[in-house]
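What follows is a single structure, written as structure tokens, with notes after it.
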Amino acid sequence: MNEAEKFLNRRRGDSMGSFASRHQGGNVQKMASVGDAWSRFWSGWTIQGRASRSEYWFAALLIFLMNVGILWILAVIEGQVFANGVILLLGLLTMFVIEGWPGLCIDGRRLHDVGKSALHLLVPYIGIGLMITGICLFQVKPYFGVAIVITAGVVSFVYTAMLLVFTLLKSTSYQTKYGDVPFLKDRRE
């Protein structure tokens, strides 16, 4: 950060602990704080709008850490009480139900932020459906079933990797059909 950016940050009153700034034209785009990302993950139950890269990855990190903690606690309880894995399975199912829709929403908003449609999220699920179809066809026509399973698996894997790359891309610095740039503030305020 050069001296001019430090001066602008001091003048606006930005604390570098919670926000980092980068300039885009005459505006400043701020990075989401961990608290902002956490609250938007749980309150943003819509795919409409955009999620910045920092918002997406802070939310993903916090959800990962929360899941590891919950699974560790459930594993300890499971080891002391039951030996058949029922509590662990119910815990996983509950976490999936609770985090499933907000997770898809933030994924969709992140894709919107890089100028892509949220419909891209459906392709891996279509591949999973084709894999199930191929497994069912395996009983009738083994070679055809195997070909469908392999093709669908490769397509799902490649497209999931592409979605990961999309989440790593820099935000578009202009307004798109999905909304304004997240955390964009006019420098003249």
| note | For ALA37, the lone unmet condition from (1) at pLDDT 85 or above; (2) within 16 Å of the chain's Cα centre (by Cα); (3) of a type in the set (A, V, I, L, M) is (1)
| query | All but one of (1) outside any helix (DSSP H, G or I); (2) surrounded by 14 or more Cβ atoms within 10 Å (Cβ to Cβ) hold for ILE148; which doesn't? | reply | (1)
| task | Examine region 109-126 for a residue that is more than 30 Å from ASP180 (Cα to Cα) and surrounded by fewer than 16 Cβ atoms within 10 Å (Cβ to Cβ), and state whether such a residue exists. | result | yes
| said: Regarding region 156-163, can at least one residue be identified that is exposed (fewer than 15 other Cβ atoms within 10 Å of the Cβ) and more than 24 Å from ALA37 (Cα to Cα)? | reply: yes
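The values are calculated or read from the model by the stated rules, or taken from the named source; none is laboratory data. Bear in mind that the values here come from a model prediction, so they are computed numbers and not experimental data. With ideal geometry, Cβ positions are generated from the backbone for all residues, glycine too; neighbour counts draw on all protein chains shown.
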